[in-house]
Amino acid sequence: MKETTTNQVPQAAWNAAEARMSFFRRPISNKWPTAEPVTLAWVYDYLCSPKAIPETYELQRLENHDEARAWKQEHFDYITPSGVFGYCSDQNLVLHSQLLCIDLDELGELVEKYFDSLLADPMFETLLLFRSPSGHGLKWFVHIDLGRCDHRTWFRAVRNYLMATYGLRAEQVDVHCGNPSRACFLGHDPQAFLNPKLIVKSKSI
């Protein structure tokens, strides 16, 4: 099915501080968002708060991949970075955020190296960047102009760019994150990065 470009904010009016996305309470089987969409600054405050400390530490303790995956799906709240949804599916998109979240996996001991590299990337301005709940990957949020091409085309282009620029393997840039309703789990990362222009007075989570 061809992806439509309706329900989008005109490019000239787009403001990262006003971008909204849906927030979902755990587990992943819950597909109904909370009533109020959230902002990048709100997500940053959530990551830096102590809310998900126990779950994050427990996940990082688990060595079995399947066990860790099941734990994550049951114990972490999540967002849909690319927009506001009435229900967590591509067909229920209410408003696209014009944000793209790239999920980098299996970085191992190079997590911090890639963290710094993405912050200095000359092509894309980092809006939000944080470590995956597992501690082995990164979540990178950038702006995409949907007036130029659709979400999936942007995803393929940014994915190819990252592999070519940073020597990442195909399996390290999650190919399954190309759909707009893709979930992004929120753990605890007190050293997450939020673009300075988006920093607002913190609110309790």
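The values are calculated or read from the model by the stated rules, or taken from the named source; none is laboratory data. None of these values were measured; they are calculated from a predicted model. Here the Cβ is made from the backbone with ideal geometry for all residues, glycine too, and neighbour counts use every protein chain on show. Just so you know, the surface numbers come from the protein's heavy atoms only, side chains and all, with ligands and any DNA or RNA stripped out. Shrake-Rupley method; radii C 1.70, N 1.55, O 1.52, S 1.80 Å.
Using the structure shown, list the pairs from K51/K113; K31/K72; K72/K113; K72/K139; K51/K72 with a Cα-Cα distance above 22 Å, or answer none.
K51/K113; K72/K113
Per 0.36 nm of contour for each residue apart, how much would the distance between H65 and Q191 grow if the chain were fully extended, relative to their Cα-Cα spacing?
42.9 nm
If you sort K31, K139 by accessible surface, 1.4 Å probe, largest first, the order is K31, K139.
Shape class of the range 132-187 from the alpha-carbon gyration tensor: oblate, with a/c at 1.5 or above and b/c at least as large as a/b.
Using a ≥ b ≥ c from the Cα gyration tensor of the range 109-153 (square roots of the eigenvalues), is it rounded, prolate or oblate, where a/c under 1.5 gives rounded and otherwise the larger of a/b and b/c decides, a/b for prolate?
It is prolate, given that a/c is not under 1.5 and a/b is the larger ratio.
Each of I199, I28, I144 has its accessible area taken with a 1.4 Å probe; listed largest first, they run I199, I28, I144. Using the 1.4 Å probe convention, the accessible area of the chain works out to 52 Å² per residue with neighbouring protein chains retained. Measuring r between the beta carbons of A120 and V175 and using R0 = 25 Å, the FRET efficiency lands at 0.50.
Work through the residues other than A52 whose Cβ is under 15 Å from its Cβ and net out their charges, Lys, Arg +1 and Asp, Glu -1.
Every neighbour counted, the sum reads +1.
Evaluated with a Cβ-only charge set (Lys, Arg +1; Asp, Glu -1), the chain carries a dipole of roughly 520 debye about its Cα centre, given to the nearest 20. Oblate is the label for the range 49-126. Its Cα gyration tensor axes, ordered a ≥ b ≥ c, give a/c of at least 1.5 and b/c at or above a/b. Descending by average beta-carbon neighbour count within 10 Å, the peptides 174-181, 37-44, 79-86 line up as 79-86, 37-44, 174-181, the highest first. With N the number of residues in the range 69-173, Rg(Cα) / (2.2 N^0.38 Å) evaluates to 1.11. The calculated Kirkwood hydrodynamic radius for the range 1-143 is 16.4 Å, given to one decimal from all distinct C-alpha pairs. Maximal additional length on extending the Y57-L198 stretch stands at 48.0 nm, based on 0.36 nm per residue less the C-alpha distance. The simple Förster model, with R0 at 30 Å and r as the Cβ-Cβ distance, assigns Y87 and A164 a FRET efficiency of 0.25.
Percent of accessible area on the chain owned by carbon and sulfur, 1.4 Å probe? The C+S portion of the solvent-accessible surface of the chain is 52 percent. Fully extending the segment from K113 to E36 would add 24.2 nm, taking 0.36 nm per residue of separation and subtracting the current Cα-Cα distance.
These residues, H75, H188, H151, go from largest to smallest accessible area, 1.4 Å probe, as H75, H188, H151. Comparing mean-square fluctuations of P50, P33, P122 from a GNM of the chain with C-alpha springs under 10 Å, the top value falls on P122.
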